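**Student:** Here's a structure for you.
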Amino acid sequence: MFQQGIQRRIKYQAELDGNFAKEIASTPGCDNLFSCIQCGKCSGTCPLSIYMDFTPRRVIAMTRAGFKEDVLRSQTIWLCASCYSCTVECPKEIKITDVMYALKQRAIKDKVYPKRFPTPVLAREFFRSVWKYGRNTESWLIVRMYLKSNPFKMIMQGLLGFNLWRTGRMGLKTESIKDRTGLQRLLEAVERAEQKENRTPMGERE
Amino acid sequence: MKYLYYPGCSLKGTGRAYEESLLAVFGALHLPLQELDDWNCCGATAYMAVDEMKAFALAARNLALAEAQGSGNDDVTLVVPCNACYLVLMKTQRYMQEYAEVGKKLTRILEAAGLHYEGKVAIRHPLDVLVNDIGLEHISGHVKHSLGDLPVAAYYGCQMVRPYSTFDDQHNPMSMDRLAKALGAAPVDWPLKTRCCGGALTGTIENVGVRLNYILLKEAQKRGAQVMTTACPLCQFNLECYQGSMNRQYEERIHVTPIYFSQLMGVAFGLSQHTLGLHRSLVPMPQQLAI
C-alpha cells in the first residue's frame, strides 16, 4: 500500500525535450529567451503570479530546460492577461508576454491545455467568429464560451446579460465586415505560408 | 487634418458609450473622426494566443485599409480608442519593421488579398491626440459646466502605455490626470493607474478577475476618488459591471463610478447625458456629473 503511493518527482534528463526551448525562441519576439538571468522581476511585478502554478520566472527556466509537458499543461500561461508588465520590467529585455503567447499557441496546437479551462475555449471561439465574420459579436462570443466551458455559470450571469441588453450594450445581431471573401483569402494565404514552413496550422473552420 | 478612426468590436457592443462620447467630444472640438471603412477585428489577445501570423495579418489588413483610405496624404493618423486594439495594431506595425521575416511574409500575405501596406499609418490613442495635438489649453476653453473639483482617479490600464507607446510614462503616466485637471476635476494621487484589470479573466476565471478589479477600486476609494476615468472598454466593463458582485463577495461598500475619460470631457463641455451614453451605466452617477 505504502509503496504504491510513491511517485518519482524528478524527471530524468531523457524525458525532457531538448528542442523545445529552441522552437519557442524561434518565434518572433522570443529571440532572447536564453539571456534570462532568473532574477524574478517578472514574477514580482506580475499581478497574477500569486495564482499561478509556476511563476513566470520558473516557466522560463522550465522552458529552457525542456520541461515541455509541464509548461504546456500549466495554468500559468492561461492566467497571463497580457498586461506586459514583465516585458517592460525585464532587465534583459526579454519579451516575456510574447513567450507566454508562444507557449499558448503551442499548447493549443498540441491540444494539451487544461480541460474545460475557459481561457483557451474563449480564444478558440473568438478565433472562429473572426475567421467567419471578420468581427466578433460580444454577446454570442460570451454565450458560446459559457456553453462550452461552464453552462451553469451562464445562468448565474443572466442578470448582467439582461442589464446590458436593457442599456443597449448587448445586441444579438451578428457583426460582420463587407469583404468577407477578401478576409478569407488573407487568412488562407497565412495558412499556405505556414504550411510551407512545415508548421501545422490551426485551421479551425466549420 | 483628418483623423481616421478605428472603433474595434467592443465600441459597437458593451463599450458603445465610449464611441458615443468620443465622437461627441471630437465633434465639439470641430475635429470629425471618420470611421475606417470595412475595418475588421484587431485579433485582440485571443488571436495572438492561437496563431501569431493570423493575428498579425488581421491587424495588418486594417493598417493597409487605413493607408489606402488616407486620401493620398503621406501621413495617415488612425485614432484607436480601445487599449487592446491600440496595442495589437502598434505591435503589428512594430514587428513588421523589427523582424524582417515578419514584414516580408505579411507583405506577401496582404498581396494575396489584393492589399498593400507601406508602414505610413500613425497609430494614436485619442488621449494622446487630445493632450498632445489639440492641447489642454484649447480643451479647457471648451469647458462650460463646472465639475466642482470632482475627485477622479485616472486609470490608464495596462495596454495603453505598455510596452510600445511613447506618448507617456510607462510607470506613472500623467496625460489623463492633466486632462482631468484641465476639465475642472481634481485627480487623486494613486499608484495603481497602470495595474492590470485582468482583461477577459472576469469572464474566464471570475474570482481572479474580480479580485484584480476590487484592488483597483478599493485603493481609488481609499484615496478619496468618486469617479474612475477609463480609456479601455474592457477595463470599463470590468470595473463597472462587477462592482455589485464584488461588494457582495468582499462585504464591501465600494461606490466609485467608472466612466470613460471622454464622458468626463463631455460633461465638462456641457453635452447631454444621452449624447455621452451616460444613461447606459449600471452604476449610479455622482451629482457633479448630472447636467
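**Student:** Can you list residues whose amide H is under 5 Å from B:TYR260's amide H, if they're 5+ apart or on another chain and H is modeled 1.01 Å from N?
**Tutor:** Amide H to amide H, under 5 Å and 5 or more residues apart or across chains, B:TYR260 pairs with B:THR230.
**Student:** Hey, got the dipole for chain A? About the Cα centre, +1 on K and R Cβ, -1 on D and E Cβ, debye to the nearest 20?
**Tutor:** Roughly 480 debye, rounded to the nearest 20.
**Student:** Something else about it: Got a sec to turn the phi values of the stretch B:159-174 into Karplus ³J(HN,Hα) couplings, 6.51 cos²θ - 1.76 cosθ + 1.60 with θ = phi - 60°, whole Hz, x for Gly and Pro?
**Tutor:** 7, 7, 9, 10, x, 9, 6, 10, 7, 8, 5, 6, 9, 9, x, 10
**Student:** Between B:HIS255, B:HIS145, B:HIS274, which gets the highest mean-square fluctuation from a Gaussian network model of chain B, Cα cutoff 10 Å?
**Tutor:** Highest fluctuation of the listed residues: B:HIS274.
**Student:** Tally Lys/Arg at +1 and Asp/Glu at -1 over every other residue whose Cβ is under 10 Å from the Cβ of B:GLY114; what's the total?
**Tutor:** Numbers: positive: A:ARG185; negative: A:ASP179, B:GLU111.
Here the count lands on -1.
**Student:** Here's a follow-up. So which lysines can A:LYS92 reach, going by Cα to Cα under 24 Å and dropping same-chain residues fewer than 8 places off?
**Tutor:** A:LYS22, A:LYS41, A:LYS68, A:LYS104, B:LYS91
**Student:** Hey, another quick one. State which entries of A:LYS11/A:LYS109; A:LYS173/B:LYS12; A:LYS178/B:LYS2; A:LYS109/B:LYS104; B:LYS193/B:LYS218 exceed 19 angstrom in Cα-Cα distance in the structure shown.
**Tutor:** Over 19 Å apart, Cα to Cα: A:LYS11/A:LYS109; A:LYS178/B:LYS2; A:LYS109/B:LYS104.
**Student:** Can you list the chymotrypsin sites (Phe, Trp or Tyr not before Pro) in the stretch B:44-148 that are in a DSSP coil and have 13 or fewer other beta carbons within 10 angstrom?
**Tutor:** Passing both the DSSP loop test and the Cβ count: no residue.
**Student:** Moving on to the next point. Return A:ASP53, B:ASP128 ranked ascending by Cβ neighbour count within 10 Å, so the fewest neighbours appear first. All intermediate terms of the calculation are to be shown ahead of the outcome.
**Tutor:** Numbers: A:ASP53 13, B:ASP128 20.
Ranking A:ASP53, B:ASP128 by Cβ neighbours within 10 Å, fewest first, gives A:ASP53, B:ASP128.
**Student:** Moving to a separate point now. Just tell me which aspartates and glutamates come within less than 15 Å, Cα to Cα, of B:LYS222; anything on the same chain fewer than 8 places away is out.
**Tutor:** B:ASP189, B:GLU252
**Student:** Quick query: amide H of B:HIS125 versus all other amide H atoms, modeled in the peptide plane; which residues come in under 5 Å with a sequence gap of 5 or more or a different chain?
**Tutor:** Correct list: B:VAL80.
**Student:** Continuing with this model, one more query. Kindly state, as a whole number, the per residue volume in cubic angstrom of the convex hull around the alpha carbon atoms of the protein assembly as shown.
**Tutor:** Here the figure is 158 Å³ per residue.
**Student:** For a quick check: with amide H placed at 1.01 Å from N, whose amide H comes under 5 Å from B:ALA153's, ignoring anything fewer than 5 positions away on the same chain?
**Tutor:** B:VAL188, B:GLN226, B:VAL227, B:MET228, B:THR229
**Student:** Let me ask something else. Can you give the net charge of the other residues whose Cβ lies under 14 Å from the Cβ of B:HIS279, counting K and R as +1 and D and E as -1?
**Tutor:** Working: positive: A:ARG166, A:ARG169, B:ARG16, B:ARG280; negative: B:GLU20, B:GLU240.
In short, +2.
**Student:** Projected onto the charge dipole of the stretch A:20-135 (+1 at Lys/Arg Cβ, -1 at Asp/Glu Cβ, origin at the Cα centre), which of A:ALA21, A:ASN32, A:SER85 gives the Cα projection farthest towards the positive end?
**Tutor:** Farthest along the dipole direction, towards plus: A:ALA21.
**Student:** What ranking do B:HIS125, B:HIS116 get, fewest neighbouring Cβ atoms within 10 angstrom at the top?
**Tutor:** Numbers: B:HIS125 27, B:HIS116 11.
Neighbour counts put them in this order, fewest first: B:HIS116, B:HIS125.
**Student:** Among A:SER176, B:SER175, A:SER139, which comes first, then next, by fewest other beta-carbon atoms within 10 Å?
**Tutor:** Ranked by crowding around the Cβ, least crowded first: A:SER176, A:SER139, B:SER175.
**Student:** Sorted from largest to smallest, which semi-axis lengths in Å does the alpha carbon gyration tensor of the stretch B:130-284 give for its equivalent ellipsoid, taking the root of 5 times each eigenvalue?
**Tutor:** Taking √(5λ) for each eigenvalue gives 25, 18, 14 Å, largest first.
Computed from the coordinates by the stated procedures, all read-outs in this text should not be read as laboratory data. The shown structure was predicted, so the numbers you read here are calculated from the model rather than taken from an experiment. For neighbour counting, all protein chains shown are included, and Cβ atoms are generated from backbone atoms with ideal geometry for every residue, glycine included.
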